[in-house]
Every structure is written in C-alpha cells, then in structure tokens.
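Contents: one structure, followed by commentary.
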Amino acid sequence: MTTTPHALSVVDFFGLPLGAVAGAARDAIVLVDGGQTIVAINEAASRMFGYTQTALLGQPLSRLIPEAQRGAHDAQVRAFAASGQAERPALRHDAIRGLRASGQVFPAEASISRVELLVDGQIRMYFVAMLRDTSVETDLRAEVALLSQRLRTVLDLTPVAIWIVDGEQVVYANQATIELFGVPDRGHLIGQPIDTLLHPDAPTSLRAHLAQAQPGTAAPTLLHGRIVRPDGQMREVEVATTALPDHGRTVMQMVIIDVTQRRAQAREQSLHRSELRRLAASVVEAREEERRRIARELHDELGQRLTALKMEIASLRADAPQRDNGGRITGMLEMVDSTVAALRRIAADLRPLMLDDLGLNAAIEWLARDAARRLDMAVTVRLGSDDPPLAPGADIALYRMVQEALTNVGRHARATDVRIELRQRGNELVLTVHDNGKGFAERSMRQEGRYGLLGIRERAIMLGGRLELDNPPGGGGRITVRLPLQPGTAPQTSAP
C-alpha cells in the first residue's frame with residue numbers, strides 16, 4: 001500500500017500479526033494522526049465508507065463525517081486529547097453519523113483510543129477509531145418502536161381492560177383499565193401491587209389462578225372476582241389470564257371484563273324466573289285444588305243425585321210396568337247410566353279420586369290401562385311395592401307427568417309399546433316413560449303450540465328435579481324425570 005509522509009499502513013502500525021487481524025476484523029478501524037489526517041484503514045472501513053484504502057490515506061477525517069457534525073467532532077477530539085485518557089468509551093448509535101462516498105449519512109457506534117508511536121525517530125500521537133455501522137439496528141429499532149406504538153394504540157382503543165403484570169406488579173395498563181378503575185392516568189396503576197387493586201377476598205384465589213396459567217396454553221384460565229375503585233365502588237369482573245410467551249410464568253397478561261351489569265341482570269332475571277315459577281306453582285296448585293273440589297262435588301253431589309234418580313225411575317217401572325210405552329223408562333235408565341259414566345270420566349280427568357283413596361301406584365296403573373284401551377297399544381308398568389315417600393303435591397304432579405307423557409306418545413310418537421317405570425335410586429325418585437316410536441326431534445320443547453313436554457319440565461323444576469329427553473340406542477323416545485327425596489328414605493322393592 002502506498003503511503004503519504006507519516007502515513008502508516010495497517011501492517012506498519014499494528015505489526016504483521018496484528019495487521020492481519022485488523023485486516024480481517026469485521027468492525028471498521030481508522031487510524032488518524034494528531035491533525036486528524038487518515039494514515040491507515042482496514043478493509044472493513046473501506047467497505048463501510050465506500051472508498052478504496054488508497055483514496056482515503058492522507059485525507060482529512062472530516063471527509064467521512066457529515067458537514068453538520070464536523071464542528072462537534074473536532075471539539076470532542078480536542079477535549080479527548082486534553083483529557084489525557086487513553087480510551088474514550090463507545091458513543092451511542094444516535095450520537096454520531098458517518099458519511100459514505102455516495103453521500104449517504106448513516107448512524108454508527110464508535111470507540112476511540114489514543115496511542116503514541118515512534119515514527120521517523122519522533123514520538124507521535126495517533127488516534128484509533130473502531131466503528132460499527134448500526135443502520136440495520138436503527139431501522140429495526142424504529143420498526144419495533146412503530147409496531148409498539150401501533151400496538152399500544154390498538155390496546156388503548158380496545159374497550160376491554162388489559163393489563164400486564166410482572167410478578168405481582170402492574171407494568172402496563174390500557175385506557176379501558178384506567179376507566180374501569182376510575183383513576184386519572186396510568187401512573188396510578190403502573191408499579192402498583194395487584195393486591196391493592198383487588199377486593200380483599202381476591203388475592204389468594206388470584207395467586208392460585210396465576211399459578212395455573214401456562215405459556216402457550218390454548219385458552220386462558222378464567223377467574224371471577226371483584227375490584228375496588230378508589231372511590232370505594234365495587235365492580236364484579238372476570239379475569240382471563242395467560243403467561244406471555246418467552247417470559248416464563250412471571251409476566252402475565254390479564255384481560256379484565258366488567259360483568260357488574262351483566263351479573264346484576266342475571267340475578268334479576270333469575271329472581272324473576274324464580275318468582276314466575278313460584279307463581280306458576282301456586283296457579284297449578286290452585287287449579288289442582290279446584291279440580292279436586294269440582295271432582296268431589298261431581299262425584300258426591302251429582303253422582304248421588306243421579307243414583308237417586310235412577311232408583312226412582314226403576315221404582316216407577318216396578319210400580320207401573322204397564323205404562324212403560326215403548327220402553328221409555330228403560331231408555332231413561334240407560335241415559336242415566338251413560339250420564340253417570342260420563343260424570344265419572346269427567347271427574348277422573350279433573351282429579352283421579354283413586355289417587356287420594358288408593359295412592360299413586362294404583363292411579364298410574366289405572367291410567368296405563370285406560371291409555372292402552374284408548375290408544376290401542378301395549379302399556380307395561382313397573383312400580384315399587386309401596387307408594388314412594390313424596391312431598392305434598394308431588395303425587396298429583398307425577399300423575400300429571402305420566403298422563404302428559406302418554407298423551408304425547410299417542411299424538412306424536414306412532415308407538416305400539418310403552419313402558420312406564422317408577423323407581424327410587426339412591427336419593428332420587430326416577431320416572432321413566434320409554435316408547436318404541438319415532439323418538440324426539442331436536443328442539444322438541446320449543447315447538448310452537450306444543451307445551452306438554454314444557455309442562456312436564458316445569459312441574460319437575462317446581463319439585464326441585466329435572467327432565468331429560470333422549471333417543472336411546474334401541475330406538476324410540478325416552479322421558480326421564482328425576483326428583484329428589486328426603487335423605488334417609490329406605491329403598492323400595494319392586495312389585496312382581
């Protein structure tokens with residue numbers, strides 16, 4: 001390499017072994033003398049600035065510095081020379097700029113060392129600058145900053161509260177979180193322990209909740225809790241928590257949904273449903289009581305009067321058989337008999353008297369025989385040896401359920417065989433009505449104008465039980481009603 005007076009090649013300056021290292025170094029190395037003249041550069045510096053080594057040797061260092069920064073650079077070099085320090089720490093990438101041969105200005109990091117060398121018999125001061133082009137890093141930082149700003153904007157526009165905690169301290173909170181907690185700005189949340197922002201009964205469950213959160217899980221875990229605002233107002237929230245990737249289990253993202261209004265509406269709706277069911281239960285009870293009264297009156301009053309009328313007509317025929325023109329008295333007796341039969345049928349539909357006189361099992365057996373006769377199908381009944389122990393009003397409810405189930409089978413199932421079973425299983429009384437018909441269609445209880453199954457369900461709920469509908473593998477449809485029994489009730493044995 002050709003040198004100007006006092007110019008040194010890399011090999012001259014570093015010696016052969018170090019010169020080879022400097023030539024192979026990835027960082028740019030520039031050697032200048034006390035007058036800021038370039039006396040040596042390595043290949044990496046030549047590539048960085050876009051000059052050949054020969055073109056830069058003997059040139060002022062200012063050739064590699066943008067004009068706007070040359071004055072500041074000279075002042076820094078003089079201050080460094082006067083300080084007596086052997087080395088100046090690296091300057092940040094945003095502190096200095098380089099100038100390429102193309103005129104492009106680029107950011108760089110640089111560290112400068114001062115050395116004294118014997119040249120031409122004289123000790124001369126030189127400065128060694130090691131530079132690194134940070135253009136790519138700067139672009140990446142700018143892109144990351146832009147993406148971060150965009151993400152923060154998106155999060156702030158999100159109507160759901162989102163915060164990030166590290167350990168147990170809040171390190172980020174979006175605008176919705178500020179509004180949820182009713183604080184003026186993020187400063188009132190950032191750095192705060194989450195214990196101070198939650199209701200006193202929440203931290204223990206929240207810690208357990210956070211301990212279960214795992215990075216990369218498909219769905220975040222959900223916690224129901226409460227928060228306390230600075231004004232003392234309490235809000236009910238649902239907290240979805242997940243550990244952020246690449247942060248282990250210490251940095252958690254928490255999405256907080258204010259469900260105060262929703263919970264209040266749900267409680268109000270539940271209360272309304274409960275009140276409506278109590279009202280419906282009282283209406284059903286009143287209707288059943290009215291049916292009982294009317295059935296009794298029909299049976300006792302009209303039944304007795306029709307029986308007395310029949311006896312009077314019969315005695316009239318005995319007293320004057322010759323006056324019975326064309327069997328009119330006989331026809332009157334037959335009419336009375338049919339009226340009594342109709343009366344008994346109406347009374348039974350209103351309230352089966354045998355339910356009060358003989359019990360639930362006998363009433364279900366009578367209902368099954370009547371359904372088999374009317375619907376022309378086989379009805380099999382399996383009951384316990386004794387009537388099950390039931391709460392007041394439960395016997396008529398079960399009877400009506402069986403009655404409605406048989407009516408439903410007759411109208412819609414197209415069945416030829418029905419099995420009715422009433423069994424005590426554990427602490428439950430289980431009623432099953434299984435037919436061999438076409439089974440239940442989807443949304444069977446929500447078809448317009450059909451309220452039989454809905455009535456069965458509501459009766460079951462009134463008694464604290466539930467209704468189950470299914471189409472078992474063997475075919476047909478099955479209605480299962482499960483009602484709770486009093487604890488300690490002895491199991492029943494099956495009837496033969």
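The values are calculated or read from the model by the stated rules, or taken from the named source; none is laboratory data. Worth saying up front: this structure is predicted, and the values here are computed from it rather than measured. Neighbour counts are summed over all protein chains in view; Cβ atoms, including those assigned to glycine, are modelled from backbone coordinates with ideal geometry.
Yes or no, residue by residue, for (1) within 21 Å of R26 (Cα to Cα); (2) at pLDDT below 85:
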{"position": "A90", "(1), (2)": "yes, yes"}
{"position": "A110", "(1), (2)": "yes, yes"}
{"position": "V115", "(1), (2)": "no, yes"}
{"position": "L118", "(1), (2)": "no, yes"}
{"position": "G121", "(1), (2)": "no, yes"}
{"position": "R132", "(1), (2)": "yes, no"}
{"position": "E137", "(1), (2)": "yes, yes"}
{"position": "E143", "(1), (2)": "no, no"}
* Asked: Name the pairs: first residue in the range 299-315 and closer than 15 Å to M332 by Cβ, second residue of a type in the set (D, E, K, R), Cβ to Cβ under 8 Å, at least 6 apart or on different chains?
  -> K310/D337
* Asked: Out of all the residues in the range 95-103, is one or more in the same structural domain as M125 (by TED's automatic domain parsing), of a type outside the set (F, W, Y) and at pLDDT below 85?
  -> yes
* Any chance R478 is touching an Asp or Glu at 6+ places or on another chain (Cβ under 8 Å), of a type outside the set (A, V, I, L, M) and in a strand (DSSP E or B) -> yes
* To do: Tell me, please, whether a residue that is assigned to a helix (DSSP H, G or I) and either within 16 Å of M354 (Cβ to Cβ) or under 43 Å from the mean Cα position of the chain (by Cα) (or both) can be found in the range 377-388.
  => no
* Structure fact -> The condition from (1) within 17 Å of V239 (Cα to Cα); (2) surrounded by 14 or more Cβ atoms within 10 Å (Cβ to Cβ); (3) in contact (Cβ under 8 Å) with a residue 60 or more places away in the chain; (4) not charged (D, E, K, R) that G167 misses is numbered (2)
* Among (1) part of a helix (DSSP H, G or I); (2) modelled with pLDDT of 85 or more, the one test that D356 misses -> (2)
* Asked: Applying the selection to the range 27-57, what residues are closer than 17 Å to A110 by Cβ and part of a strand (DSSP E or B)?
  -> A28, I29, V30, L31, V32, I38, A40, I41
* Quick one: Y451 ticks every box in (1) among the aromatic types (F, W, Y); (2) surrounded by fewer than 19 Cβ atoms within 10 Å (Cβ to Cβ); (3) touching a residue at least 24 places away in the same chain (Cβ under 8 Å) except a single one, so which number is it? => (3)
